[in-house]
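The values are calculated or read from the model by the stated rules, or taken from the named source; none is laboratory data. The structure presented is a predicted model; accordingly, all values stated were derived computationally and were not measured. Ideal geometry is used to build each Cβ from the backbone, glycine not excepted, and the neighbour counts take in all protein chains shown.
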């Protein structure tokens, strides 16, 4: 009975001139291959004046990845490097706030969308500039709002922000990604090259377990891994400057040895009054990134 039904279906498909995937040459006349080639050519041309692209990632949420990205961008720009920062977290964008560029609204110049100018002259781009900063989430509408489709729409939005923004010449473009590694996979697929990946974690057993699980996937992307930044690595006393642990079991040296990942530095958990300690740590981390990104280029 099943054999007969299968035969009848095959007969109907043949009569309707429906082809199998293996019988379709190229893109079947849809023109999609030319479209993709055009998109990639535009993106490649846009980023050819960017010397180093650094992607900041973490498979674990709540580790302060955006804070680290913003502090690194300020430090790089403060050292005289032409610096840009792209917020690739569609519904968790925070770089406009962290880089003092919230008031910007999207405008189009002769060579594309104009990034905001944040602290120390950092060029900042976020989808929030196009949809407003009133807190409304991005909601994609379509006939097939499935997870793969939504992921594809977000990747397309990031590609448009990269290719459609007038970055000009940059020494460094930092890309702040959302928790998970999906965006890193998208970026390695669309960008001609990435200078390096910086992994952010907290010195907690839970966060390090996630890092351990995620490193194989990060390495699979083929992007060079610069190293790991420990954020919230101890609380600094305002009175005496002593550092006390925030998390239980903060000595994660064994985990770093196991995954063979260099520790770029540890950023303390500080109040606004004690931000100097965090800045000092970021300065050291920045020096490591500049050295290692240059070696990987």
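General observations
- Checking the range 279-289 against the condition returns no match, with no residue being surrounded by fewer than 16 Cβ atoms within 10 Å (Cβ to Cβ), assigned to a strand (DSSP E or B) and on the phi < 0 side of the Ramachandran plot.
- Condition broken by residue 139, with the remaining ones in (1) in a loop (DSSP other than H, G, I, E, B); (2) in contact with a strand residue (DSSP E or B) (Cβ under 9 Å, 6 or more places away or on another chain) satisfied: (2)
- Check on residue 216, closer than 21 Å to residue 277 by Cα and either modelled with pLDDT under 90 or loosely packed, with under 13 Cβ neighbours inside 10 Å (or both): no
- Flag if residue 241 is outside any strand (DSSP E or B), in contact with a helix residue (DSSP H, G or I) (Cβ under 9 Å, 6 or more places away or on another chain), surrounded by fewer than 17 Cβ atoms within 10 Å (Cβ to Cβ) and at pLDDT 90 or above: no
- Residue list for the range 107-121, restricted to those being in contact with a helix residue (DSSP H, G or I) (Cβ under 6 Å, 6 or more places away or on another chain) and within 25 Å of residue 78 (Cα to Cα): 113, 119, 120, 121
- Evaluation of residue 147 against (1) out of contact with any strand residue (DSSP E or B) (no Cβ under 6 Å at 6 or more places or on another chain); (2) surrounded by fewer than 17 Cβ atoms within 10 Å (Cβ to Cβ); (3) at pLDDT 85 or above (one fails), failing number: (3)
- Candidates 227, 234, 189 - the one that is under 20 Å from residue 287 (Cα atoms) and surrounded by fewer than 21 Cβ atoms within 10 Å (Cβ to Cβ): 227
- Being in a loop (DSSP other than H, G, I, E, B), surrounded by 16 or more Cβ atoms within 10 Å (Cβ to Cβ) and at pLDDT below 90 is a description that does not apply to residue 256.
- For the range 51-63, a tally of residues being surrounded by 19 or more Cβ atoms within 10 Å (Cβ to Cβ) and at pLDDT 90 or above returns 8.
- Test: residue in the range 27-50 that is modelled with pLDDT of 90 or more, in contact with a strand residue (DSSP E or B) (Cβ under 6 Å, 6 or more places away or on another chain) and not in a loop (DSSP other than H, G, I, E, B): yes
- Residue among 182, 163, 106, 113 that is surrounded by fewer than 21 Cβ atoms within 10 Å (Cβ to Cβ), modelled with pLDDT under 95, under 23 Å from residue 293 (Cα atoms) and touching a strand residue (DSSP E or B) at 6+ places or on another chain (Cβ under 9 Å): 163
- Every condition in (1) surrounded by 13 or more Cβ atoms within 10 Å (Cβ to Cβ); (2) part of a helix (DSSP H, G or I); (3) in contact (Cβ under 8 Å) with a residue 24 or more places away in the chain holds for residue 203 except the one numbered (2).
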